[in-house]
Amino acid sequence: MSIFSTSLSRPIASFSAISSSPSLCFLKSHHQNYHNFGFQGCSQSLVISCCFSELGSSSEPINISRQPQVTSMASFTMTLNENGTLQSSYKWRRVLLKVSGEALAGDQEQNIDPKVTMAIAREVASVTRLGIEVAIVVGGGNIFRGSSWAGSSGLDRSSADYIGMLATVMNAIFLQATMESIGIPTRVQTAFRMSEVAEPYIRRRAVRHLEKGRVVIFAAGTGNPFFTTDTAAALRCAEINAEVVLKATNVDGVFDDDPRRNPNARLLDTLTYHEVTSKELSVMDKTAITLCQENNIPVVVFNLNKPGNISKAIRGESVGTLIGGTRDSANSRT
Ligand code: UDP
């Protein structure tokens, strides 16, 4: 049942209910701490009034629908689910965005293109304002790929992979700096300790950051050689209870043939995990896709270079190829 639909100004767009009491709810906004929301309900509608710290210290409740300082309007709908709790109308509440090193490089000869990091930051900012929690796993292939270097000059695979993992940390710090330059609070957590530059990965702390509206960038992959950052994305997604892995790439999604060789290659809208593995589609490595399958995590493969695609994917709009889910219904992992 849809009980509340309105448009809100930017910093107050996101709430999650922590009490289902019909008369009084404490809702949590991502930009302030807990707020006391008075709910005056009848069977048809609810009027929500609240007090926002960003609007001054007045203890007078403010009616959201009469906010005077509306600058950028975000459509915001809350629905009451069968448990009696409020939830946002967006498909995903918490997402794991995987950005490969190759995508970060854009068309630059240098390893990283600041235009790409800024585009990512802007689109992520637009969805965190809606209250969707965003965690990011960054790759490192634009700087160093362990498997390509293993064996050269006596470099063993493990050492090469550790260098690869360090490369992901460089990308993560760059992306963090870009995010923070436009005001998105961002934390980097590394899979092995580098305490001077980033927090160590602590699952509960990562979740807490997300709940507070911060973006969390997971760096150094899984912390283990012989793995990839796709596997790290699947692993972290499962650990933090994110609902989907959004794999940002340089192509529109998964095709039934190589579109560079076959102009008639068709972009596939949806796929099962089994189709990905049995047809050996090069979407993700097998470990990553198996981890997603075992944990019922859908994967969306989409093109990062098309403006608006990242925010569309995060909002759950139809983009790219969806693996292991259906387009019209939210995937439930619990
Ligand atoms: N890597 C690793 N373990 C991990 C994740 C990454 O050893 O859990 C290393 C590996 O050498 C890999 C490099 O880090 O080649 C960069 O990661 P990846 O190739 O996944 O980056 P992407 O292709 O996404 O840019």
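A few remarks follow.
- Among the residues of the range 271-296, those identified as touching a Ser or Thr at 6+ places or on another chain (Cβ under 7 Å) and under 20 Å from Glu243 (Cβ atoms) are Leu271, Ala288, Ile289, Leu291.
- Residue list for the range 243-280, restricted to those being in contact with a helix residue (DSSP H, G or I) (Cβ under 7 Å, 6 or more places away or on another chain) and farther than 24 Å from Val134 by Cα: Val276, Thr277
- Test result for Thr178, more than 22 Å from Thr222 (Cα to Cα), surrounded by fewer than 22 Cβ atoms within 10 Å (Cβ to Cβ) and either within 16 Å of the ligand (Cβ to nearest atom) or not acidic (Asp, Glu) (or both): yes
- Test: residue in the range 159-169 that is of a type in the set (Asp, Glu), more than 18 Å from Ala125 (Cα to Cα) and in contact with a Pro (Cβ under 9 Å, 6 or more places away or on another chain): yes
- Taking the criterion of being of a type in the set (Phe, Trp, Tyr) and either within 11 Å of Val138 (Cβ to Cβ) or part of a helix (DSSP H, G or I) (or both), the only residue of the range 174-202 that qualifies is Phe174.
- Filtered residue count, the range 134-161, keeping only those that are crowded, with 16+ Cβ neighbours inside 10 Å, away from the ligand (no atom under 12 Å from the Cβ) and over 14 Å from Lys312 (Cα atoms): 1
Rule-based calculations on the coordinates, nothing more; no lab input. Predicted model, so just to flag it, every value in this text is computed and none were measured. No Cβ is skipped: glycine too gets one built from the backbone with ideal geometry, and neighbour counts run over all protein chains shown.
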